[in-house]
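J.: I'd like to ask some things about the structure below.
Each value in this text was obtained by applying a stated rule to the coordinates, not by laboratory testing. Everything quoted here is computed from the prediction, not taken from an experiment. Because the Cβ atoms are built from the backbone with ideal geometry, glycine has one as well, and the counts that use them run over all protein chains shown.
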Amino acid sequence: MSDGLEAMYQELILDHAKTPEGKGDPHAHPFTHHELNPSCGDEITLGITVEDGRISGLAWAGDGCSISMSSASIMSELLTGAERDEALERIGEFREMMRSRGKVEPTEALGDAAAFQNTAKYMMRVKCAMLAWVALEADLKASLAA
Amino acid sequence: MSDGLEAMYQELILDHAKTPEGKGDPHAHPFTHHELNPSCGDEITLGITVEDGRISGLAWAGDGCSISMSSASIMSELLTGAERDEALERIGEFREMMRSRGKVEPTEALGDAAAFQNTAKYMMRVKCAMLAWVALEADLKASLAA
Amino acid sequence: MPTLLGTSVRADFPFFQSHPDAVYLDTGATSQRPSAVIDAEADFVRTSYAAVHRGSSLATGEATWAFENARERVAEFVGAGEREIVWAQNATDALNMIALGMADASAGLGGDRFALREGDEIVVTEAEHHANLIPWQRLAAKTGARLRCTPVDERGLWSLDGLRAVVGDRTRVIAFAHVSNVTGQIAPVADVVEIARGVGALTVLDACQSAPHMPVDLAGLGVDFAAFSAHKMLGPNGIGALFGRAELLDELPPARTGGSMITTVTMERAEFLPAPQRFEAGTQAVSQTVGFAAATAYLGALGMDRVAAHEHEIGAALVEAVEATPGVRLIGPAAGEYRAGLASFIVDGVHAHDVGQFLDDRGITVRTGHHCAQPLHRALGTTSSTRASAGVYSSLDDVAALRAALGEVRGFFGADR
Amino acid sequence: MPTLLGTSVRADFPFFQSHPDAVYLDTGATSQRPSAVIDAEADFVRTSYAAVHRGSSLATGEATWAFENARERVAEFVGAGEREIVWAQNATDALNMIALGMADASAGLGGDRFALREGDEIVVTEAEHHANLIPWQRLAAKTGARLRCTPVDERGLWSLDGLRAVVGDRTRVIAFAHVSNVTGQIAPVADVVEIARGVGALTVLDACQSAPHMPVDLAGLGVDFAAFSAHKMLGPNGIGALFGRAELLDELPPARTGGSMITTVTMERAEFLPAPQRFEAGTQAVSQTVGFAAATAYLGALGMDRVAAHEHEIGAALVEAVEATPGVRLIGPAAGEYRAGLASFIVDGVHAHDVGQFLDDRGITVRTGHHCAQPLHRALGTTSSTRASAGVYSSLDDVAALRAALGEVRGFFGADR
Ligand SMILES: Cc1ncc(COP(=O)(O)O)c(C=O)c1O
Ligand SMILES: Cc1ncc(COP(=O)(O)O)c(C=O)c1O
């Protein structure tokens, strides 16, 4: 087993993939977005409720690889209850890390999501890790426009 | 001046290009065919009359490079008055020589048309030399079908 | 002469020089190229490069000769006449040329025999690659024709009976893959051609996965059109071929228009050359055609019978490795049945993407995803699978490496608990 | 730093190593390639080759990175965003993508803003290359739109006044070459864009002869679409680019469909990815994109201002050589006027094909024929002309050789008597 693989599939990630946080009915929330990774068929539908500029509720349904599912789970843990601006900032930081091919260190605020730094080295998996975050970003933007 | 160029543009060829044989109104004959070399715009319309299996009349109008015009001229000289089968045979011999990249020697029956053996080395000019012959072949076939 | 190629030909492939331990089981997606191909192309560019079919220079003549000679070589390789091979960007482009040409015919732009009318039918199988499906959907949408589909069973296989059930008097086209890129099913081409002829339908053969791996004689098979890509048969990227029977190609309208494919152009209208030039608008992928011909020469020298026998053995070993691994389900014909040199499978409880990542970590390159066959995967109740596919350079060592790794995948992801 | 490149860069081009005496004045048709381009492509093939945008392996990741990085480099080179560059087979293919996409839109297949209706108008110039003419003729024939044309004068030049006279409320598209491949006329792009915007028409720029030879900033020019080919700008065959403003590309229907350009596919219908992927059906010309990027890097390192200045000097010398030769008529802007680095001409009494043959015998490669611009030649009262065109490796020695040979052509063919 190479270090790369162990680093990518850390215990934390595999655990989240097996027993994900935040799974539920996205359509119970006013803002929902569907996101698909066409190269592998990973997909997620993510719904949120925003109250007083804060993500007061979040639920997602989806199907995909352990990276996309664990990322959705870790993001749910991290950002449910967060201020909208704070969440958008985290999404920005996460994207920057994921696009850096492993060169940008995670910010402290990213918490457990730091575990995906190694995934960033694998260009074909970046989209998997980003899936939920892109969906959340779309929801947040829709909530801002509303 | 290289030998190739001198061999291609023999006096005979340049003379025929300047004062071509067989020029006239192709539409004065019952069988006419128009042939075009799209890469350079050379074109010819060739008309023939066939009586008792013999090319009793031939006239062409056209515009093009010295190779296509001289070839039409030399062919007119050679095949006006020829038996249809004989003409088809000459066309076949000429084509074989032109397609050989200079390797097939002209038959004696080709007469002055032997001068185009050197042109056969220049793939881009083969079509020029063939133009009139292809038109005549089409006319002869039409006359056979009639 | 031993049947197996594999290790003995690896030295011809620079990729395996720079990656001696690579287990490359992704030839179904794209193949590696032998030096003979890379060098043929580079030498041509270094020494003989000039515009083709334009101008009068000796250099142009040489380049044009190389280009047309390449066409003859490729035509010969698949049992076609040289005027029956049209250069395309890839097989996808070739298939689109047919469907888009038929759309033009339907819009009254020539080639009436290809015009489709409301109620006409196009038949494909549920196993088709998107390249042999979406162009027909679009053609149907433009013409009012109906796209019909013969379904696959729980192994992903379609049948002649199923096909007969959807073919009828209104069928104008039957489009199908010679070899499925997912299941490895080999189509009974002669039977399909007979069914098509019975109703006066045209046959379109997607030969992407057959031309590289077995002797293919398109004239002998009797299909009307076919498509294949060089990059899957040891050749360069950016070049593929459309085959069409000569009298059809001369009538099909060219969807892509421009320079080098015309006779007379006025501001109002254009007249087109006969095939194949009428489909080759603009400057062609000249050096790639030279590489393509070098690839067919390389395969020809190995002998396609031997290539097929070799890949049959590797394929059988792949199938066996998959079937021997607990929790792994094979797609396509079962072990021992007639099938091509590849094995697609689903690992219980582990997403194909994760399977691919695990194998990649072991230096094993396979293909994961829907392999551009979403309807087939939907029919199998999944969104993705993993595919190992063989080429001339594949060996039983490659299969052994896959087998060993496959045995550990579920454990690593905790799917065996 | 001296302005002239020429001799100083010839060593970078293997073609001139094997043909040291070659006088290559046919870059307008296709350019020679520097080692940097040939090697970039061959190295990529030897070491990093794998399928792009498919599968999960590290190799696929590397290949995909190289492919997308190439897109960024080429985009940067022409002042476009990376999502605004679509890979095409050549410029012809790129221009067809626009016209065929608009035909699909007109047939109700999406992208309504691109739909043409009976009576709508498409405007082109009489000087266009067939690649920027026939696709519009076909589009007009399919939709009932009218193709209108702004004529050229006796030198082969079109004017803004002439353009204004044919543009009107019904004009939906104005398609024109940035630089004419025959006359060397350089279009006043900003003015054309203003005219187009005034009537809400789309602009389509054929940048085949500008992108290789001068700094081009597509965003700055404000055009909606553009097309160019790598093989004319020191890059490989088989690859070109379509530029489109991002919001337009996302809506234009993709005429060519297949794998790698979709999101969801059922047997009934397909949904497409955003641009650029929606236009890139099937396996792309991956190694060629790497070569294309290497070509733009090579040109960028020379500096496009310097390239333009160099070619301006060579072009002026070519024009002078032509004008100085008795019985030879120049096409396009006169000596001293603003024009690109090429000179097309007609030799009194000698067919262009014969001129080309004579020059070829002297080791001088030029282009003869109608240069895929039959209407322009018809307007000039001829069927063909001879063109000498410059590239970075062209030198004043090349021009001197042409001048000497040109002085003898009419004598050889007896046209001076
Ligand atoms: C002005 C112009 N437009 C279009 C083209 C077509 O380019 P390509 O043949 O690379 O598609 C050319 C070159 O032949 C050209 O010079
Ligand atoms: C069966 C089949 N058809 C069509 C294609 C498309 O080939 P290409 O991407 O070279 O156009 C492929 C390969 O992806 C294939 O396997």
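J.: Just tell me how shielded D:343-351 is by partners: mean number of partner chain Cβ atoms within 10 Å of each residue's Cβ, no decimals. Intermediate results must be reported in sequence, preceding the final value.
T.: On the way: counts 0, 0, 0, 0, 0, 0, 1, 2, 13.
For peptide D:343-351, the averaged partner shielding equals 2.
J.: Sort shortest first the distances from C:Asn69 to its counterpart in every other copy, using label points 7 Å along the Cα-to-beta-carbon line, and give them in nm.
T.: 3.6
J.: Which trypsin sites (Lys or Arg not before Pro) in the range C:91-178 sit in a loop by DSSP (not H, G, I, E or B) and have at most 14 other Cβ atoms within 10 Å of their own Cβ?
T.: C:Arg117
J.: Can you list the HN-Hα couplings for the range D:271-286, worked out from phi with the Karplus curve (6.51, -1.76, 1.60; θ = phi - 60°), rounded to whole Hz and with x for Gly and Pro?
T.: Using θ = phi - 60°, the values come out as 10, 9, 5, x, 5, x, 4, 4, 9, 10, 7, x, 5, 7, 7, 4 Hz.
J.: Using Cα springs under 10 Å in a Gaussian network model of chain C, which residue among C:Val179, C:Val265, C:Val192 shows the largest mean-square fluctuation?
T.: It is C:Val265.
J.: Quick one: net charge of C:Val166's neighbours, Cβ under 9 Å, K/R +1, D/E -1?
T.: Details: positive: C:Arg148, C:Arg164; negative: C:Glu121.
Result for the neighbourhood of C:Val166: +1.
J.: With the cut-off at 1.5 for a/c, could you classify the range A:18-82 from its C-alpha gyration tensor as rounded, prolate or oblate?
T.: Cα axes put the range A:18-82 in the prolate bin.
J.: What pairs in A:Lys18/A:Lys103; B:Lys23/B:Lys127; A:Lys103/D:Lys232; A:Lys18/C:Lys232 have C-alpha atoms more than 30 Å from each other?
T.: On the way: A:Lys18/A:Lys103 28 Å; B:Lys23/B:Lys127 20 Å; A:Lys103/D:Lys232 37 Å; A:Lys18/C:Lys232 38 Å.
Flagged as over cut-off: A:Lys103/D:Lys232; A:Lys18/C:Lys232.
J.: To continue, here is another question. Inside 10 Å of the C-beta atoms of D:261-274, what's the mean count of C-beta atoms belonging to other chains? It would help to have the intermediate numbers written out before the result.
T.: Working: counts 6, 7, 6, 6, 12, 5, 14, 6, 6, 7, 2, 2, 2, 0.
Mean number of neighbouring Cβ atoms from other chains: 6.
J.: With viscosity set to 0.890 mPa s and temperature to 25 °C, compute the Stokes-Einstein D of the protein assembly as shown, Rh being the Kirkwood radius across alpha carbon pairs; µm²/s, no decimals.
T.: So the translational diffusion coefficient is about 79 µm²/s.
J.: Skipping prolines and chain starts, which residues have an amide H placed within reach, meaning under 5 Å, of the one on D:Val123, given they are 5 or more residues away or on another chain?
T.: D:Arg148, D:Arg172, D:Val173, D:Ile174, D:Ala175
J.: In the range D:297-344, which GluC sites (Glu not before Pro) are in a loop and have at most 15 other Cβ atoms within 10 Å, using DSSP for the loop call?
T.: Passing both the DSSP loop test and the Cβ count: D:Glu337.
J.: Kirkwood Rh over Cα pairs of chain D into Stokes-Einstein at 20 °C, 1.002 mPa s: D in µm²/s?
T.: 96 µm²/s
J.: Residue by residue through D:36-42, how many Cβ atoms from other chains fall within 10 Å of the Cβ on average?
T.: For this peptide, the per-residue mean of nearby foreign Cβ atoms is 3.
J.: If you don't mind, there's one more thing I want to ask. Quick check on the protein assembly as shown: helices-only [θ] at 222 nm, where DSSP H runs of length 4 and up contribute -39,500 (n - 2.57) each and the sum goes over total residues. Nearest 500, please.
T.: -12500 deg cm²/dmol
J.: DSSP loop trypsin sites (Lys or Arg not before Pro) in the range D:255-296 with at most 15 other Cβ atoms within 10 Å of their Cβ, which ones?
T.: Numbers: sites: D:Arg256, D:Arg269, D:Arg278; in loops: D:Arg256, D:Arg269.
Sites meeting the loop and neighbour criteria: D:Arg269.
J.: Relative to the other copies, what are the label-point distances for B:His34, with labels 7 Å from Cα along the C-beta vector, expressed in nm at one decimal and sorted shortest first?
T.: The answer, with the shortest distance listed first, is 5.7 nm.
J.: Suppose the Debye formula is applied to equal point scatterers at every Cα of the range B:1-126; what is log10 I(q)/I(0) at q = 0.20 Å⁻¹?
T.: Results for the range B:1-126 at q = 0.20 Å⁻¹ read -1.23.
J.: Right, next: Which whole-number percentage describes the relative contact order of chain D, with Cα contacts under 8 Å and a sequence gap of 6 or more? Display every interim value, and only then the final one.
T.: Details: 875 pairs, mean separation 95.5, N = 417.
Relative contact order comes out at 23 percent.
J.: Only Cα pairs under 8 Å and at least 6 apart count here; give the relative contact order of chain A as a rounded whole percent. Can you show the working numbers first?
T.: Working: 263 pairs, mean separation 39.9, N = 146.
Averaging sequence separation for qualifying contacts and normalising by length gives 27 percent for chain A.
J.: Treating the beta-carbon of each Lys and Arg as +1 and of each Asp and Glu as -1, no other charges, what is the dipole magnitude of the protein assembly as shown about its Cα centre, to the nearest 20 debye?
T.: 660 debye
J.: Show the residues, 5+ positions off or on another chain, whose built amide H is closer than 5 Å to the amide H of B:Phe31.
T.: Here B:Ile48 satisfy the definition.
J.: Hey, another quick one. Quick one: of the DSSP bridges fully inside the range D:106-245, what percent are antiparallel, nearest 5?
T.: In the range D:106-245, DSSP labels about 25 percent of beta bridges as antiparallel.
J.: Sticking with this one: Roughly how big is the range C:38-300's charge dipole about its Cα centre, with Cβ charges of +1 (Lys, Arg) and -1 (Asp, Glu), in debye to the nearest 20?
T.: In total the dipole reaches around 420 debye.
J.: What is the dipole size for chain B, taken about its Cα centre, with +1 at each Lys and Arg Cβ and -1 at each Asp and Glu Cβ, in debye to the nearest 20?
T.: The calculated dipole for chain B is roughly 520 debye.
J.: Considering the rotation that carries chain B onto chain A, locate the chain B residue whose Cβ comes closest to its axis and report the distance in whole Å.
T.: Nearest-to-axis residue on chain B, with distance in whole Å, is B:Pro38, 21.
J.: List the distances, in nm to one decimal, from the label point of D:Asp348 to the label points of the same position in every other copy, shortest first, placing each label point 7 Å from Cα along the Cα-to-Cβ direction.
T.: 9.2
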